[in-house]
Every structure is written in C-alpha cells, then in structure tokens.
1. State all residues of the range 55-96 that are in contact (Cβ under 8 Å) with a residue 24 or more places away in the chain and outside any strand (DSSP E or B); if no residue qualifies, say none.
2. With respect to residue 181, is the statement that it is of a type in the set (S, T, N, Q) and either touching a Gly at 6+ places or on another chain (Cβ under 6 Å) or farther than 21 Å from residue 130 by Cα (or both) true?
3. Looking for something farther than 22 Å from residue 97 by Cβ and assigned by TED's automatic domain parsing to the domain that holds residue 77 - is there at least one such residue anywhere in the range 187-206?
4. Please go through (1) at pLDDT 80 or above; (2) under 19 Å from the mean Cα position of the chain (by Cα) for residue 110 and return the number of the only condition it doesn't satisfy.
5. Out of everything in the range 85-108 that is of a type outside the set (S, T, N, Q) and over 30 Å from residue 183 (Cα atoms), what residue ends up being surrounded by the fewest Cβ atoms within 10 Å (Cβ to Cβ)?
6. Take residue 159 and tell me if it is at pLDDT 85 or above and in the same structural domain as residue 190 (by TED's automatic domain parsing).
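The values are calculated or read from the model by the stated rules, or taken from the named source; none is laboratory data. What you see is a predicted model, and the numbers here were worked out from it, not measured in a lab. Methodologically, a virtual Cβ is constructed for each residue, glycine included, from the backbone with ideal geometry; neighbour enumeration extends over all protein chains shown.
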Amino acid sequence: MDTQKGFVSLIPLIIGFIILVGIGGYVVFVKRYQIPTATITPSPATSSNKQTYRNNLFGIEFLYPKDWFIFDSNEGDIQVLDIYPKSAQSNMVKSSYVHMAFIPNREINFVWGPGPTIEDYEKMFSVSSMTCNNSPVFDNYEEIKNCRLMKIGDQNNLLFEYLDNNKWEQAAWIATPENKNFFGFIIGMTTINDTNLSSIFNEIISSLQLLK
C-alpha cells in the first residue's frame, strides 16, 4: 500500500517532466525549421504615418503608409506583393494598388500565357544592358515614354511610364544582383477610377533599399 501511495505521489512530477520535455522539443523544432518571414515595423523617423516592410527572401526594404496593407500571392511562378489602402480590404478588385512582381532566377510559368523568356529577363536585369534602348521585355508594352535611369544601391535601374487602358502609369524595373533567387522585380501602379497613386509609388521607390 505504501509503495502504491509513493507511486501515486510521483505522478504529478512525471507529468510535469513530460510537459517540460515537450515544450523544449517544440522550441528546438521551431528554431531549427522556422521559415524566415517578412517583418513590418514602424520607422522611427516617420512612425506617425509610415511603416517599414522588410523581406529577406526578396532582399528588399521600403516605407509605405500605415493606412495601407500588403497582400502577397503567386501568379504562376511569379511571387507578387500588392499594396492596397486599408479601405480596400472589403473589395480589392475595385481598388487602385501598387504592384510588385519578383522574377525568379529560373524558367518561369506564366498563368496568363507565354511571356518573356528567361534569357530576356537575364538580359533585362543585367547591369550592363539596363538601358531604355536595349530592353527586350519592353517589347511587351504597347507604348513606353519618359524612360530614364534611376540609381538604387550601387547600380542603375529603369524608371518609365507606359500606356495602360488609355492612362499613363509609372513603373520601374529593379535588379537584385545580390539575390541568388531572383533576377529582380517590377514595381508599378494599377489605377482604378482615376485614383492618383504617384505619391505612394514615389514614396516606395525613394525609400527602397536592396538588402545584402
């Protein structure tokens, strides 16, 4: 009887030990296998109305308004970030937004059909060929105007305007040579109901940093 009572008194200790071992194992598992994710933090200098988006996978960091949000998705093999005003959460289809599409450093499957080849993108994002007059991907646009070189990091990139549904939209091709996963990305505007996104677009472009 005493032996049985002694065993019963040890049960809470045994259960506690098992719980501690389980928690410890879970923490080790999470630390080892956790996938890096983007972080969104207020920028100290502009914390009143701006926040910082940082993504180590894409190798970018930029500021955007606190009253906007980021929606990430895939279009075939293209990884996409769309930046919307919070007022659009109930109906994103009818809202203007800033669009970022990241071009992977491999063969690409487009959901909308054949697009530029991997060789086109490789040439496009090469620093030596990043010019307004030698850009094979531009052939996919109906009309380009005001194309100019833009400095981000240690290299030139392309900033331009293109005609979309009878409206001139701004866009930029930006190379990410330090990133082995992506050639680079395009950032542009999609405006609906004549909303002016120029200030948001320029804010993102001017604060954009390429991570190493």
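1. 56, 57, 58, 59, 66, 76, 77, 94, 95, 96
2. Details: of a type in the set (S, T, N, Q): yes; either touching a Gly at 6+ places or on another chain (Cβ under 6 Å) or farther than 21 Å from residue 130 by Cα (or both): no.
So residue 181 does not fit the description; no.
3. no
4. (1)
5. Looking at the filtered set, the residue picked out is 94.
6. Spelling it out, residue 159 is indeed at pLDDT 85 or above and in the same structural domain as residue 190 (by TED's automatic domain parsing).
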